[in-house]
Structure formats: structure tokens, C-alpha cells
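Data block below; observations after.
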Amino acid sequence: MKIKVLDKGYVEMVDLLGGDMAAVRSARISYMSKSDPRRDEKLIELLAKLGHESPFEHIVFTFYIKAPIFVARQWMRHRIASINERSGRFTEFEEEFYVPDPERSDNNTDMMREAMEGSFRVYKELISKGVKKEVARMVLPLSLYTEWYWTVNARSLMNFLNQRADSHAQYEIQRYAIAVAECFKNACPLTYNAFLKHIYKGNLLEA
């Protein structure tokens, strides 16, 4: 599942380990009880309602993210996850910048775009003069797009959504959090619904 975000970014769910039933299995081991389709959905909701969240750690997602660097740096504050990001030391960046909607930048996008394009011209010129990519990248702005893999269990993903799928978060990361939530909802509908009903503290997501 791949969802476009902002002007050039996206969230793509590339792998899933487990699913709703992974949480059920790990919860039932406590009492050595067997799965019962009629009761499994109620069990997932009960775990969420009572705050017994460790079974959700057995659901593991891997996402491929393309986002501006300033979004990535906020994202990586959520440290209970595994992250591998493209390297500006070993790869040469393309001229891909996030430019906000004019209304969100008080109609100063022309000034912002000019600064971004100017920095990229300097970046390319430095590389053409033999400056190493790891040094030349220092002139690039935080609006440059980067890419990374993010592997995270459902419990940590819920924490991410509580903080980033909320109106108090910066607008750009809100958009990414909503896309992540859509992938979560599609992959694990029972867990997602229980999360919304009993765990979610934000104000942007809907069933």
C-alpha cells in the first residue's frame, strides 16, 4: 500500500509480520487458551481498554518513507523502531525540495524556492569541483527530500500516532501520520479500531 503525501513524498507499507491474530496469540499464551474467532475481536478490544499493550508488540510493520528532512528528524525522535536512511555521503541528492502551500508560508514561497534552488546550485557546483558529497551536502536545506525504511511494532506505532496524528503536531508530519494510520487500518482493522476507541489521544483520525 502506497499513499502520496505532500508534493513529492509518500508512505509505503512494504512488509507486515503478524497481524491482528499475532496480538491474539501472544495474549492467549498467558492463560494457555486457544483462539476462538467469536472472541478474538473482543479480546483485542479488551487488551486496549485495560492497557495491556505488550501483545501488540508482536505485530511488526516495515514502511518505506519519502519525506523532507525536517519531517524525518521529528520522526526519528520515536526511537523504539529500526531505521535505515539513505546516505548523503554515498549518494548524490536530486533537486527535490518540499515547498509549502503559499497560504501556509504567508505567501513567501517564491523567496523559499529561490533559497532552495540557490543552495542546490552551490551543492552541484561543489561536487563538480571535486568536493566530497559528504561535505557538499552541508549547504542543503531541511526541505530536501530524504528516504528511509522504518520498522516498528504496533505498540510503538500507536505512540507515534498519538503524538503526530494530532493538531498540535506540525502540519507536514500530521499528513504522514494520517497516511501511516491508513496503512495500519488496512492491515490490522481490529487492532486499529481498538486503538481508536481506547488508546488514541489525538484528534485527526477516524474509524
From the option list ARG121, ARG155, single residue qualifying as of a type in the set (Lys, Arg) and in the same structural domain as ASP7 (by TED's automatic domain parsing) is ARG155
When you look at ASP110, is it surrounded by fewer than 20 Cβ atoms within 10 Å (Cβ to Cβ), assigned by TED's automatic domain parsing to the domain that holds GLU53 and acidic (Asp, Glu), yes or no? no
Fill in: Test for ALA181: is it touching a residue at least 24 places away in the same chain (Cβ under 8 Å), in a helix (DSSP H, G or I) and hydrophobic (A, V, I, L, M, F, W, C)
yes
Of the conditions (1) part of a helix (DSSP H, G or I); (2) hydrophobic (A, V, I, L, M, F, W, C); (3) more than 27 Å from PHE61 (Cα to Cα); (4) in contact (Cβ under 8 Å) with a residue 60 or more places away in the chain, the single one that MET138 does not satisfy is (4)
In the stretch 23-68, anything within 30 Å of ASP7 (Cα to Cα) and surrounded by fewer than 17 Cβ atoms within 10 Å (Cβ to Cβ) is listed as THR62, TYR64
Of the candidates THR146, THR191, the one satisfying the condition of being among the β-branched types (Val, Ile, Thr), under 17 Å from GLN74 (Cβ atoms) and buried (at least 18 other Cβ atoms within 10 Å of the Cβ) is THR146
Cβ pairs under 6 Å, 6+ apart or interchain, first in the stretch 28-48 and in the same structural domain as ALA194 (by TED's automatic domain parsing), second assigned to a loop (DSSP other than H, G, I, E, B), ordered by first then second residue, are ALA48/ILE199
Residues in the stretch 160-178 that are within 13 Å of the chain's Cα centre (by Cα) and either assigned to a helix (DSSP H, G or I) or more than 19 Å from HIS78 (Cα to Cα) (or both) total 12
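The values are calculated or read from the model by the stated rules, or taken from the named source; none is laboratory data. It should be emphasised that the depicted structure is a prediction, and the values quoted were computed from it without experimental measurement. Note: ideal-geometry Cβ built from the backbone for every residue, glycine included; neighbour counts use all protein chains shown.
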